[in-house]
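For reference, the structure discussed in these notes is given below.
Throughout, read-outs are computed from the coordinates displayed, never taken from laboratory work. Every value quoted in this text rests on a predicted model; they were computed, and no experiment measured them. A quick note on method: Cβ atoms are made from the backbone with ideal geometry, for glycine too, and the neighbour counts reach across all protein chains shown.
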Amino acid sequence: MKYMLLMYANESAVPKTPEDQQAVAPPVWYALMEEMKAAGVLLSNNGLSPVANATTVRIREGKTLITDGPFAETHEQLGGFFLLECKDLDEALRWAKKIPHAKYGSVEVRPLWSQGS
Amino acid sequence: MTIESQIEKTFREEHGRVLAALISLLGDFELAEDALQDALVNALERWETDGVPRNPGAWLVTVAKRRAIDRIRHSKFEEYNPVILESLTQEEPEMDDSFPDDRLKLLFTCCHPALALEAQVALTLHTLGGLSTPEVARAFLVAEPTMAQRLARARKKILEAGIPYRVPPADLLPERLDALLVVIYLVFNEGYVATSGDSLTRQELCGEAIRLCRVLVDLLPGSAEVRGLLALMLLHDSRRESRLSPTGELVLLEEQDRTLWDFSKIQEGISILDEAIALHDPGPYQVQAAISALHAQVPTAAETDWDQIALLYDTLAKMTPSVVVEVNRAVAVAMAKGPQQGLQMLLRLENEADNFYPYHAARADLLRRTNQREAAADAYQRALELCGNPAERAYFQRRLDEMINPK
């Protein structure tokens, strides 16, 4: 079986105490990835860019609605993901429109985390 | 004109085109804005003594390019791509009279639907209109830090989410162009409808929207709707002086002093509308401009061609069905065929329009015309409860008083 582990946290809640900061520091992540690799379970992982860089695509009555931000309805649940290499946001949005979820749910397009974001 | 005001005017006029060219050249929105700021400071010093150069835009591009190179060289963090620096320094900066007009790219980037609408508006005014952050903040009645943050966030998203700097390909162009016209019309309405705040700055928004739309007409000469919007704004703007009474109360079209209308704007609006119609691609802005033109062309309210206006509202309702259009259509029908017919049409909108004050205002005016004072008073009261605009409220209040205490 393949499993996807989804990480949730409050973006604006910065760890305050040295212990908390220690707990999320890069070496902790690297150690965990090494451990997963050694166990032969890690297929792929990545962080996401902050929600401020998210764009949501919906299609309603044949019209494409593109909005700024991650506006998932509370009654919508994460149902899957695509990881695409695109030249720019327009290309990513073009693919997002084709995903069936856009017609009855929403597709959030978010760049992967990168240095400086 | 003093040299200061000449420089300020030049900055405004050249800002969009220079910035657009710099973004193309540097491939970096923020660096381009910073470099242009440097160049403007430079220009202010130099032009005050030497005068404004023959081609100020090219002057600014050349100087900003040099400043950008300095900035890249002095940046400690190697945040800029070395390839950019290499390509920039290869050719010796020179006074070149011609530089590409990339304003359309900049407009499409600023009005990208992945940005919040309020950010699109602010960014467009700031980058293409050349309005400073405090000016944009004043125009939209928000605190300066709020506006600065809004602009910064938009720039950051353009960069980090990969919003492209280009004119969209043909298949995306129609919907993107619509978004662009929405932003320009929003800027206009912000200046036209609002009566609070720094009215001078806010009135400038109308002028700014018209200027941006003129640029867009130059850039997309084949688009009928771009011309339609320009015509619509000019025709609306022609009535600016007569829309408010000296005490700040809204004056309805039929009661306006038509001698206050700006006839050069009306003439220009009508001739631009004719050009639009000649392109044979009808759209909602052209229809609205045509309605506005019918009002503008008659010397007295009594001569208004309401039959024709009602027909145009029929067309508009088919193109963009909405409660707003339906209310206006009912008013036009009332004027053409009698208030009873209009009232019946309004009655059918009762459920969907109950929270929409223009609906109650239209109903109130028709009830007043048919002498149903009590019902009219109730409707004016509802309009008053729902409306936040002081000029319109003053009008509703006066009518309400008339209904309760007839002279």
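Using a simple spin-label model with pseudo-atoms 7 Å out from Cα toward Cβ, A:TRP29 and A:GLU85 lie 2.1 nm apart. Basic side chains Lys and Arg get +1 at the Cβ, acidic Asp and Glu get -1 at the Cβ, and with that the dipole of the range B:305-407 about its Cα centre reaches some 220 debye.
Rounded if a/c is under 1.5, else prolate if a/b is larger than b/c, else oblate: which is the protein assembly as shown, with a ≥ b ≥ c the root eigenvalues of its Cα gyration tensor? Cα axes put the protein assembly as shown in the oblate bin. Between the Cα long axis of helix A:26-38 and the first principal axis of chain A there is an angle of about 90°, rounded to the nearest 10. Rounded, prolate or oblate for the range B:102-218? Axes are the square roots of the Cα gyration tensor eigenvalues, ordered a ≥ b ≥ c, and the cut-off for rounded is a/c under 1.5. Note, shape of the range B:102-218 comes out oblate.
Neighbouring Cβ atoms from other chains, within 10 Å of the Cβ of residues in A:46-53, number 3 on average. Put in order of Cβ neighbour count within 10 Å, fewest first, the listed residues B:MET1, A:MET1, B:MET403, A:MET36 become A:MET1, B:MET1, A:MET36, B:MET403. Here the calculated FRET efficiency for B:LEU173 and B:ARG214, from their Cβ-Cβ distance with R0 = 22 Å, stands at 0.65, rounded to the nearest 0.05. Mind running the shape call on chain B? Use the C-alpha gyration tensor, a ≥ b ≥ c as the square roots of the eigenvalues: rounded below 1.5 for a/c, prolate if a/b tops b/c, oblate otherwise. Prolate is the answer for chain B, as a/c is 1.5 or above and a/b outweighs b/c. Placing unit charges on each Cβ (+1 for Lys and Arg, -1 for Asp and Glu) gives the protein assembly as shown a dipole about its Cα centre, and among B:ALA290, A:VAL24, B:LEU386 the Cα reaching farthest toward its positive end belongs to B:LEU386. Ordering B:GLY207, B:ALA161, B:LEU131 by Cα displacement along the dipole of the range B:102-218 toward the positive end leaves B:ALA161 in first place; charges were set at the Cβ atoms of Lys, Arg (+1) and Asp, Glu (-1). Rounded to the nearest 20 debye, the dipole magnitude of chain B is 880 debye, with +1 charges on Lys and Arg beta carbons, -1 on Asp and Glu beta carbons, and the Cα centre as origin. Each of B:LEU19, A:HIS75, B:TYR192 was placed along the dipole of the protein assembly as shown (beta-carbon charges, centred on the mean Cα), and the one lying farthest toward the positive end is A:HIS75. Projecting label points 7 angstrom from Cα along Cα→Cβ for A:THR17 and B:LYS9 puts them 6.6 nm apart. Note on chain A: helix-only mean residue ellipticity at 222 nm, from DSSP H runs of 4+ residues weighted -39500 (n - 2.57) and normalised by residue number, equals -8000 deg cm²/dmol. Only DSSP H runs of four or more residues enter the estimate; each adds -39500 (n - 2.57), and after division by the residues of chain B the mean residue ellipticity at 222 nm equals -23000 deg cm²/dmol.
Potential lengthening of the chain between B:ARG46 and B:SER24 amounts to 5.3 nm, from the contour at 0.36 nm per residue minus the alpha-carbon distance.
Scoring B:222-234, A:57-69, B:286-298 by mean Cβ neighbours within 10 Å over their residues and listing the highest first yields B:222-234, B:286-298, A:57-69. Rounded to the nearest 20, the size of the Cβ-charge dipole of the range B:221-304 about its Cα centre is 80 debye, with Lys and Arg at +1 and Asp and Glu at -1.
The simple spin-label model puts a point 7 Å past each Cα toward its Cβ; for B:ASN405 and A:LEU78 those points are separated by 6.6 nm. For the peptide B:152-161, the mean number of other protein chain Cβ atoms found within 10 angstrom of a residue's Cβ is 5. Note on B:HIS360, B:HIS280: ascending count of other Cβ atoms within 10 Å places them as B:HIS280, B:HIS360, the fewest first.
Checked against a 30 Å cut-off, the cross-linked pairs A:LYS103/B:LYS318; A:LYS2/B:LYS157; A:LYS37/A:LYS97 give Cα-Cα distances beyond that limit for A:LYS2/B:LYS157; A:LYS37/A:LYS97. Residues considered: B:VAL324, B:VAL217, B:VAL136. Largest GNM mean-square fluctuation over chain B, using C-alpha springs under 10 Å, is found at B:VAL324. Put in order of Cβ neighbour count within 10 Å, fewest first, the listed residues B:SER322, A:SER12 become A:SER12, B:SER322. FRET efficiency for the pair A:ARG60 and A:ALA9, taken as 1/(1 + (r/R0)^6) with r the Cβ-Cβ distance and R0 = 41 Å, rounds to 0.85. Under Stokes-Einstein, with the Kirkwood radius over Cα pairs standing in for Rh, what whole-number D in µm²/s applies to the range A:16-117 at 10 °C and 1.306 mPa s? Estimated via Stokes-Einstein, D reaches 99 µm²/s.
GNM on chain A, alpha-carbon springs under 10 angstrom: the most fluctuating residue among A:PRO27, A:PRO50, A:PRO100 is A:PRO27. For the peptide A:59-70, the mean number of other protein chain Cβ atoms found within 10 angstrom of a residue's Cβ is 3.
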